[in-house]
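Input: a single structure, listed below in structure tokens.
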Amino acid sequence: MSWIKTINYEDARGTLKKLYERVKGPNNNIDNVLMIHSLRPHTLKGHMVLYKNVLHNANNQLPKWYLEALGVYTSQLNKCDYCVTHHKEGLKKLIDSNLPFPPLEKALLTDQPATYFEGKWLQGMHYAKRLTQDHASLQESDIEKLRKSGFTDGEILEVNQVVSYFNYVNRMVVGLGVNTRGDILGLSPGDNDDPDNWSHK
């Protein structure tokens, strides 16, 4: 599951057990990306507060599928197979059934966003790559470019927060050897209107 010790659902006690009750999926399943926090439950709480509000909050204005696409793209750039695998499944569930998923998947996984995205959506992907791979070179002009493409400042903040979140979790997962063994792929917190609902369904 990982390169460090973790505590499973059955063995959890106290604060950790309470947190597991909030984040569990079917059959008391705890995703490995969450179980990796088990030796320091306070970091699991912090992770979930950030994750829920950055990616699964009704106050976000950008489409949820686009936020997930940013997450998959960032994870691919970081070579985080765990997050790519999970969030690719989540993204697939968000795509209109009338639209073919393979072209989007290929664009994200082969670092060719221009084969699928255009306009502001493509500019957001370009920003995601710069923030992930060359963040120190970013300047105010890069933000102005996003504005000119059609993003509001609030939407720019959403893009920045999602990409920054995935850079955090990608490094956590890769750095601790977390794999998908035992996970149920593609689950995510429900009820975007309730930031305290962390249940994975």
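The values are calculated or read from the model by the stated rules, or taken from the named source; none is laboratory data. Only a predicted model underlies this, so the values are computations on that prediction, with no experimental measurement involved. Ideal geometry is used to build each Cβ from the backbone, glycine not excepted, and the neighbour counts take in all protein chains shown.
Residue under question is residue 171, and the condition is that it be in contact (Cβ under 8 Å) with a residue 40 or more places away in the chain and among the charged types (D, E, K, R); does it hold? Even if it seems obvious, please write down each step before you answer.
Details: in contact (Cβ under 8 Å) with a residue 40 or more places away in the chain: yes; among the charged types (D, E, K, R): yes.
Yes, satisfied.
Quick one: which residue in 32, 28 is polar (S, T, N, Q) and under 26 Å from residue 193 (Cβ atoms)?
Unique residue meeting the criteria: 28.
If the condition is being small (Gly, Ala, Ser) and crowded, with 20+ Cβ neighbours inside 10 Å, then the stretch 26-63 contributes only 38. Checked against (1) loosely packed, with under 13 Cβ neighbours inside 10 Å; (2) at pLDDT below 95, residue 183 meets all criteria but (1). The set of residues in the stretch 174-195 being more than 12 Å from the chain's Cα centre (by Cα) and not in a loop (DSSP other than H, G, I, E, B) consists of 174, 175. Taking residues in the stretch 53-75 that are within 19 Å of residue 199 (Cβ to Cβ) and in contact (Cβ under 8 Å) with a residue 60 or more places away in the chain, and partners anywhere that are buried (at least 19 other Cβ atoms within 10 Å of the Cβ) and among the hydroxyl-bearing types (Ser, Thr, Tyr), the pairs with Cβ atoms closer than 8 Å and at least 6 places apart or on different chains are 54/165; 55/165; 55/188; 56/188.
Residue-by-condition table, conditions (1) in contact with an Asp or Glu (Cβ under 8 Å, 6 or more places away or on another chain); (2) outside any loop (DSSP other than H, G, I, E, B); (3) under 24 Å from residue 164 (Cα atoms):
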residue: 7; (1), (2), (3): no, no, no
residue: 10; (1), (2), (3): no, no, no
residue: 15; (1), (2), (3): no, yes, no
residue: 27; (1), (2), (3): no, yes, no
residue: 43; (1), (2), (3): no, yes, yes
residue: 53; (1), (2), (3): no, yes, yes
residue: 59; (1), (2), (3): no, no, yes
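Would the stretch 70-81 turn up any residue that is out of contact with any Pro (no Cβ under 6 Å at 6 or more places or on another chain), aromatic (Phe, Trp, Tyr) and surrounded by 19 or more Cβ atoms within 10 Å (Cβ to Cβ)? The answer is yes, given that some residue of the stretch 70-81 is out of contact with any Pro (no Cβ under 6 Å at 6 or more places or on another chain), aromatic (Phe, Trp, Tyr) and surrounded by 19 or more Cβ atoms within 10 Å (Cβ to Cβ). When residue 171 is tested against (1) closer than 20 Å to residue 79 by Cα; (2) more than 15 Å from the chain's Cα centre (by Cα); (3) of a type in the set (Lys, Arg), exactly one condition is not met: (2).
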